[in-house]
Each structure stands twice: as structure tokens, then as C-alpha cells.
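To start, the structure under review is shown below, and the notes come after it.
The values are calculated or read from the model by the stated rules, or taken from the named source; none is laboratory data. Model, not experiment: these values are computed from the prediction. A quick note on method: Cβ atoms are made from the backbone with ideal geometry, for glycine too, and the neighbour counts reach across all protein chains shown.
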Ligand SMILES: *Cc1c(COP(=O)(O)O)cnc(C)c1O
């Protein structure tokens, strides 16, 4: 149909790497909380001829001719997202979650403005004010933290808000595992006349399935990725249900021409497909199983007296504090990887090591759930992880578990 004669297979070097990566994904258990497996339809959308088109601008208002079908696709993506998230305004052009945050800040703030965000080591994200990120360099960030009970310290948040009068409060996280009281934070934002932005990158899938507290009614601006619990293509999205046309216009022009050039139309095509997938009943059942699986896992770690960083989980992930076992995030990440179990090292509140070492690992259930694992398999994996942590120098134990992991993975192919 597309008369494409050259295929990936013709580039032998590349094709070999691709085959090895496919095998890796199939043979390894993926517990990275931010990863998922996109459907075949999404994969082919991203490899489609929509990759060829420049479409700077917005629907019916482009810098290039030939955008008739591009407009149809972007319109579909936006209207499906509006239905899915129940919002008035959507921009599907951000290339990634970071780009979505970049554009959202750029839309309403000036260089040097104050922002109050969650501290990285307490669950926040790099784009929420880390000094190595544009956000920490361009804006004047102040940070709220979690308390001893593992919850956001709302008293501290309010005190900081009143003392510093930031122009924006940022909610949302990458490794926090508890519920957020969005209403409470919005009230604080209103007291100081600040914007309330919530970055739902991790929890978008859970929110639209009604399984996690929904910030959309409380936030002025919502940003998200489309590839985490949502399981779409890698990409970003900005939304709002706040009745302010002027704000929507500012966001649109902050995305383009403010911070990006041409949109990735093949990714927008794939986003449109993923929004339809997420509107199905199957998707809700999938999200319910994500929660069941993470609870099956945390139960085993609690039984074995492991330190859970935020005490419990109300979403798809939890963070383990490894200090009790005289080890580090990097060491356990490596040991587990040797057994084909993939996690990421993660800083924890008041971590005394640096970000390359860390004192914790993050465990998430979206990817294993997607390939069909249920509570039984989740429980089994948890026992394997604990055995490896307790026997981190025993190569025989690690190799035995690796063989078991491969057998389990064979039973649950990702792409049938
Ligand atoms: C993953 C994530 C991002 C960044 O997404 P990218 O697509 O990797 O740029 C932003 N914010 C939060 C809270 C995230 O978890």
C-alpha cells in the first residue's frame, strides 16, 4: 500500500539490535513504574507515513499546506482526549512530559518567578524544579516534602505558600505512592492567587478509571505523559477544565511557537488510537488489575518486614528503603538485572547517597499487568526479589531465579 521497498531488515546492523531488544523485552520482567507496552496499533501508527508531514500551528491554522488529513487526525486526538479526561481544553502536541511542563510553565510564568513543587527526593520529578533541569534554572523553586507518616506535609506546604507567595503550585509525582488531597492544595493556591498545575504523568490511567483521586476538577492546568499507566505512545499532553479561554490560548502558543516546532504527527496519530483504547472497558479492567498486582506485591514485602518509604501504596508503585539490608539502589538494581528483573534505583527522603547510588528501588506494576501477570505471578516475583536482596552475593541463587523468570516470561508473551 505504501510502496516502501526499503525495510528495517535491510539494515542488518540495526535489525540485529532490534531483534535483541525484542528478546530482552520478552524475557525480562519489567517493574519500572513509568514504562509500559504499547499496542501493535500504536506501534504501527508511529511507523506510519504521518511521520512525513510538517504541520506547525494548530487545526485550520497551519504554516504549511497539505494539512487536510493531519487536521482530521489532530481533531480526533483532541476530541477523544476531551471525552476521556472530561476536559474543555486539550493540546496534544507536546513531544514528551517534560515538554508539556516546559510549555505550561512558559505559558503563565516569567523567568525567575517562584514555583512551589514537591521535592525530588520526596517523590517529585526533575521538571518540578531540579537544579539540573531547565525548571530549576529558569524558575525560583521552593519545595514541599512528605512527613514521617509518608504523606504530603500539607501544613508545611501551606506555610511555604503563604511565606513565599509563589505564582504556581505544582502537584504530581514520579515515586510518591499515597493519595493527594488536590482540593486542599487548590484552596491554598487560591489563598495566594497562584496557579495550580497537576502533572498526572504517572497516574493518568488510574485517574480516568476512577481508581485514584482526580485532580482535574481542582487544577488550572493538567500536564501528562501518554506512555506510562496510559500505555500509549511516548508523548505529552496539556489539558484544562478551568473556564479560561485566554489561558488555553496562552498554552497553545507556548507549545508552538513558544517551545516547539512541528508536532510529531505520527505520535499524535498514535495518541488518538491510545485514547480510544483507554475509553474501552478492557482498559478499566487492566487498571484495576494494576492495583491488585501492586497490592499483592507490597503485602509480601510488608510481611518480610521491609521498609516501605511512604508506608503504603494507593497507586501503581511503591518505594523500598534498602538501608536496613546494608545495600544501595544501584547494587540491587544490578543484582535483579542479573536475574532478568528490571527495576530502577530511586532516591528516598533524606537520602545520604547521591542520585547515581541511592538508598531505594522503585517497583511498579503497569508493565507486568499489561503482559497478563496476575496476583499469583506478582507474589512469586516479590519472593524472588526478596531472596535476591537477602542473597545479593550468591550467583547460584541469582542464576536459578533468572531461569525461573525466563520460563514465566515465555508463558506471557508481550506481543502475541
Ligand atoms: C515521566 C514524567 C515526566 C517526564 O516525561 P518525559 O516524557 O520523560 O519527558 C514529567 N513529569 C512526571 C511527574 C513524570 O513522572
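Would you say residue 92 is within 15 Å of residue 272 (Cα to Cα) and within 16 Å of the ligand (Cβ to nearest atom)? Spelling it out, residue 92 is indeed within 15 Å of residue 272 (Cα to Cα) and within 16 Å of the ligand (Cβ to nearest atom). Filter region 361-374 down to residues that are within 22 Å of residue 178 (Cβ to Cβ) and in contact (Cβ under 8 Å) with a residue 60 or more places away in the chain and give me whichever is surrounded by the most Cβ atoms within 10 Å (Cβ to Cβ). This residue is 364. Only residues that are crowded, with 20+ Cβ neighbours inside 10 Å and under 19 Å from residue 26 (Cβ atoms) were counted in region 378-401, giving 4.
Selection of region 270-310 for residues being within 20 Å of residue 360 (Cβ to Cβ) and touching a strand residue (DSSP E or B) at 6+ places or on another chain (Cβ under 9 Å) yields 294, 297, 298, 301, 302, 306, 307, 308, 309, 310. How about region 133-162: which of its residues are under 23 Å from residue 319 (Cα atoms) and either away from the ligand (no atom under 16 Å from the Cβ) or surrounded by fewer than 18 Cβ atoms within 10 Å (Cβ to Cβ) (or both)? If the condition is that a residue be under 23 Å from residue 319 (Cα atoms) and either away from the ligand (no atom under 16 Å from the Cβ) or surrounded by fewer than 18 Cβ atoms within 10 Å (Cβ to Cβ) (or both), then 145, 147, 148, 149, 150, 151, 153, 154, 156, 157 are the ones that fit. Against the condition within 18 Å of residue 80 (Cα to Cα) and surrounded by fewer than 24 Cβ atoms within 10 Å (Cβ to Cβ), how does residue 280 come out, does it pass? So residue 280 passes the test. Criterion applied to 12, 22 was being under 27 Å from the mean Cα position of the chain (by Cα), exposed (fewer than 14 other Cβ atoms within 10 Å of the Cβ) and outside the structural domain of residue 232 (by TED's automatic domain parsing), and the one residue passing it is 22. Kindly indicate whether any position in region 56-79 is away from the ligand (no atom under 16 Å from the Cβ), free of Cβ contacts under 8 Å to residues at least 12 places away in the same chain and under 19 Å from residue 239 (Cα atoms). Yes, there is a match, as at least one residue in region 56-79 is away from the ligand (no atom under 16 Å from the Cβ), free of Cβ contacts under 8 Å to residues at least 12 places away in the same chain and under 19 Å from residue 239 (Cα atoms). The condition of being loosely packed, with under 13 Cβ neighbours inside 10 Å, at pLDDT 95 or above and assigned by TED's automatic domain parsing to the domain that holds residue 214 holds for residue 52. Evaluation of residue 104 against the conditions (1) outside any loop (DSSP other than H, G, I, E, B); (2) more than 16 Å from the ligand (Cβ to nearest atom); (3) crowded, with 16+ Cβ neighbours inside 10 Å; (4) in contact (Cβ under 8 Å) with a residue 60 or more places away in the chain shows that the sole unmet condition is (2). The set of residues in region 181-208 being surrounded by 19 or more Cβ atoms within 10 Å (Cβ to Cβ) and either outside the structural domain of residue 116 (by TED's automatic domain parsing) or more than 12 Å from the ligand (Cβ to nearest atom) (or both) consists of 182, 185, 186, 188, 189, 194, 195, 196, 205, 206, 207, 208.
For region 209-250, a tally of residues being more than 16 Å from the ligand (Cβ to nearest atom) and crowded, with 24+ Cβ neighbours inside 10 Å returns 0. Collect the residues in region 151-188 that are farther than 21 Å from residue 140 by Cβ and without any contact (Cβ under 8 Å) to a residue 24 or more places away in the chain, keeping them in residue-number order. Passing the criteria: 155, 187.
Taking region 310-412 as the region of interest, none of the strands (runs of 3 or more DSSP E) fully inside it holds 2 or more residues being in the same structural domain as residue 232 (by TED's automatic domain parsing).
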